[in-house]
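Visitor: First, the structure itself, so that you have it in front of you.
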Amino acid sequence: MKKSIKKLMAALLSVILILVVAVPAFAAQSGDEIVARISVCSRVKEVPSLGHTWIYIHNISDEPIQVGAYTVPVGEGVSVGTFANTRDDGRGVYYNIEAHCINKYGDHDFFSITKEISADTLNKVSNKILTLNNWNIFNNCMQFTFTVWQTATGQFFANLLFPAFGELQMRIAGARHRNLNMYYPSADRVYKQKGSGSGATLAVVRESSLKTPVG
C-alpha cells in the first residue's frame, strides 16, 4: 500500500511539473500599457512556519496603482500574502508583512519570478486579492499566491500544501535566488485586510505581528 501511494504521488508530481514547464506564461496583451511588475516569491527557511509564498507588485507607472485594498505610490511596491498562526492579527490577507520583515531582518535569500503586467491585468489581480481574505490548510499562503499569480500571468503552480514543494515548482520554472529587492515600508504601512470584496478595508497590524521573520 505504501509503495502504491508513493508511486501515485510521484506520478502526480511528474504531471504537475510538466504543466509548470509546458504552460507558457503571458504578460500584458499587445497594446496594453504596462503599469507594474508582479513577482511570485518563496522563502523556506524559518520554523515553525515551514516556509511562505507571497506576491510582490511594484508600481512602474507614473501614477498610484490599486492592489487589493492598498494604494501603491509611484516608484513603490507592496507585498501581499496570507497568514494564520504566525501573525497576531488573525487569519487572512496581509499587505507589506513580507516587504517589511524581510528588509528588517535582512532575509533576502528567497526565490522569485517576475513578469510585467498591464493596467487591465492589474485590475483583475486586485479584484482577485479582495476575494481571498481567508486561510486554512487548503486555502493557505501557497494557494493564495499561486491563484493570484495565475490570474496575472496564466502560469500554473499547484498547491501541494507544503511551501517547499511550491518553491520546487518555481525553481524548475526558472525562479532566481536573491533576485528581487522589495520596497521597505515602515511599520505603520503594514496592514491586515478586513472584510472582502469592494467593501474591504485596511487596519494597521499590531507590533507583535512584525516580530517574526518570513518563511
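The values are calculated or read from the model by the stated rules, or taken from the named source; none is laboratory data. Since this is a predicted model, take the numbers as computed values, not measurements. So basically every Cβ, Gly included, is an ideal-geometry build from the backbone, and we count neighbours across all protein chains shown. The area values use the complete protein model at the heavy-atom level, side chains included, leaving out ligands, DNA and RNA. Shrake-Rupley method; radii C 1.70, N 1.55, O 1.52, S 1.80 Å.
Visitor: Would you check which residues across region 93-109 are within 22 Å of Val67 (Cα to Cα) and either free of Cβ contacts under 8 Å to residues at least 24 places away in the same chain or not in a helix (DSSP H, G or I) (or both) and list them?
Guide: Val93, Tyr94, Tyr95, Asn96
Visitor: Here's another thing I want to ask about it. If I ask for residues that are open to solvent by 20 Å² or more (accessible area, probe 1.4 Å) and modelled with pLDDT of 50 or more, which ones from region 14-51 would you list?
Guide: Result: Ser14, Asp32, Glu33, Ile34, Arg37, Val44, Lys45, Glu46, Val47, Pro48, Ser49, Leu50.
Visitor: Go through Glu167, Glu98 for me and flag whichever is acidic (Asp, Glu), within 28 Å of Ala187 (Cβ to Cβ), open to solvent by less than 10 Å² (accessible area, probe 1.4 Å) and touching a strand residue (DSSP E or B) at 6+ places or on another chain (Cβ under 7 Å).
Guide: Sole residue among the options that is acidic (Asp, Glu), within 28 Å of Ala187 (Cβ to Cβ), open to solvent by less than 10 Å² (accessible area, probe 1.4 Å) and touching a strand residue (DSSP E or B) at 6+ places or on another chain (Cβ under 7 Å): Glu98.
Visitor: Of everything in region 66-85 that's more than 16 Å from Tyr191 (Cβ to Cβ) and over 16 Å from the mean Cα position of the chain (by Cα), which residue is most open to solvent (accessible area, probe 1.4 Å)?
Guide: Going through the qualifying residues, I end up with Asn85.
Visitor: Test each condition in (1) touching a Cys at 6+ places or on another chain (Cβ under 9 Å); (2) on the phi > 0 side of the Ramachandran plot; (3) at pLDDT 95 or above for Trp54 and report the one that comes out false.
Guide: (2)
Visitor: Of everything in region 159-176, what is on the phi > 0 side of the Ramachandran plot and not aliphatic (A, V, I, L, M)? Give them in sequence order.
Guide: Correct list: Gly174 only.
Visitor: Give the residue, chosen from Asp120, Asp89, Asp107, that is more than 24 Å from Thr201 (Cα to Cα) and open to solvent by 10 Å² or more (accessible area, probe 1.4 Å).
Guide: Residue meeting the stated conditions: Asp107.
Visitor: Also: Is there any pair with a first residue in region 142-161 that is more than 15 Å from His52 (Cα to Cα) and open to solvent by 30 Å² or more (accessible area, probe 1.4 Å) and a second that is part of a loop (DSSP other than H, G, I, E, B) and of a type in the set (A, V, I, L, M, F, W, C) whose Cβ atoms are under 9 Å apart and which are 6 or more apart or on different chains, and what are they?
Guide: Gln150/Phe156; Gln150/Phe157; Phe156/Val23
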